[in-house]
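Encoded as structure tokens, the structure appears first; notes follow it.
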Amino acid sequence: MPKLTCEISRSLWDALHRQVAGSGEGIDHLVSRALADALQVDHGTLFQVSTAGALVEGLFGGVVSVGMLREHGDFGLGTFDGLDGEMIALDGHFFQIRSDGTVRPARDDQQVPFAVVTHFAPRERAVLEPFGSLDELIAQLDRRRGTDNLFFAVRLSGRFSRLHDRVASMAGAHETLVEATAHQAEFHARDVDGTMVGFWTPAYVRGIGIPGWHLHVVSDDRTRGGHVLDCAGEGITLDLEPLDDFRLAMPETADFLAADLSGDTERALDMAERGKGR
């Protein structure tokens, strides 16, 4: 990476070291973040709308637009108002994957209850070893993280010999996430050329984010996609970026402000996001 050398005043130098001592952040991170803020450039920033706990409790009403999300990232995933399908953002293009598995461009005025996006700038590229399951893929991804305490964005591109994915269907009135995903549509396919978009979220933000790896996939011909439940592949290219800045946009809706979000989300998320515990 490029290195910056410059002279600063003694007062700035002293203030910088006081901040380092008080926050525990490294000088490189502090300076990069300050420059990014001053220049209005996102630097390793993950922007999230709402919380996993709100999703678990069934708060599926849209709180921001796709157009607003574009201001914060060109790469990401999420869902749509009413849990109407899966979102995937790739190279600045936002797509809605419908409950029948079809894909269409998302409109800027579509509303979003939950999403995570970033301006993707990978720092590592590699070709993965062959994997026969999602668990084997995750084991490879985990070996490349190096820490449990940062967020990571990952892009996986190539031919997937097997895909098992699901697409959330429009939720009924007053359904929780587990109830809504109990009638989700699931799809199986073979030999799909496509791209996975995903994030690693640390366990310490449980209830805010979805801990572990969360992956969505879309085919290169934009005819199918969904939330990844299982997969296999060979010769898959990985692009990986650590994210050291997390920003959360909290809904201000009456439902969110009145909701009890103090419950344990782990089992509900395992059932809804990973198909476990049913």
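A few points about this structure:
- Any hit, the stretch 217-229, residues being touching a helix residue (DSSP H, G or I) at 6+ places or on another chain (Cβ under 8 Å), closer than 26 Å to MET68 by Cα and assigned to a helix (DSSP H, G or I): no
- Test: GLY209 is within 21 Å of the chain's Cα centre (by Cα), in contact (Cβ under 8 Å) with a residue 24 or more places away in the chain and crowded, with 18+ Cβ neighbours inside 10 Å: yes
- Counted residues, the stretch 1-38 - those being exposed (fewer than 10 other Cβ atoms within 10 Å of the Cβ), small (Gly, Ala, Ser) and at pLDDT 85 or above: 2
- Residue match in the stretch 181-188 (condition: surrounded by 14 or more Cβ atoms within 10 Å (Cβ to Cβ), modelled with pLDDT under 95 and closer than 30 Å to SER262 by Cβ): yes
- If the condition is being loosely packed, with under 14 Cβ neighbours inside 10 Å and either touching a helix residue (DSSP H, G or I) at 6+ places or on another chain (Cβ under 8 Å) or touching a residue at least 60 places away in the same chain (Cβ under 8 Å) (or both), then the stretch 100-116 contributes ASP100, ARG107, ASP108, ASP109.
- Flag if GLY62 is out of contact with any strand residue (DSSP E or B) (no Cβ under 9 Å at 6 or more places or on another chain) and part of a loop (DSSP other than H, G, I, E, B): no
- Counting the residues of the stretch 117-145 that are in contact with a helix residue (DSSP H, G or I) (Cβ under 8 Å, 6 or more places away or on another chain) and touching a residue at least 40 places away in the same chain (Cβ under 8 Å) gives 5.
- The residue that is nearest to ILE236 (Cα to Cα), among those in the stretch 117-167 that are of a type in the set (A, V, I, L, M) and part of a loop (DSSP other than H, G, I, E, B), is LEU128.
- Picking from residues in the stretch 42-59 that are part of a loop (DSSP other than H, G, I, E, B) and in contact with a strand residue (DSSP E or B) (Cβ under 8 Å, 6 or more places away or on another chain), the one that is nearest to GLY198 (Cα to Cα) is GLY44.
- Being among the aromatic types (Phe, Trp, Tyr) and assigned to a loop (DSSP other than H, G, I, E, B) is a condition met by at least one residue of the stretch 70-82.
The values are calculated or read from the model by the stated rules, or taken from the named source; none is laboratory data. Being a predicted model, the structure only gives us computed values, none of them experimental. A quick note on method: Cβ atoms are made from the backbone with ideal geometry, for glycine too, and the neighbour counts reach across all protein chains shown.
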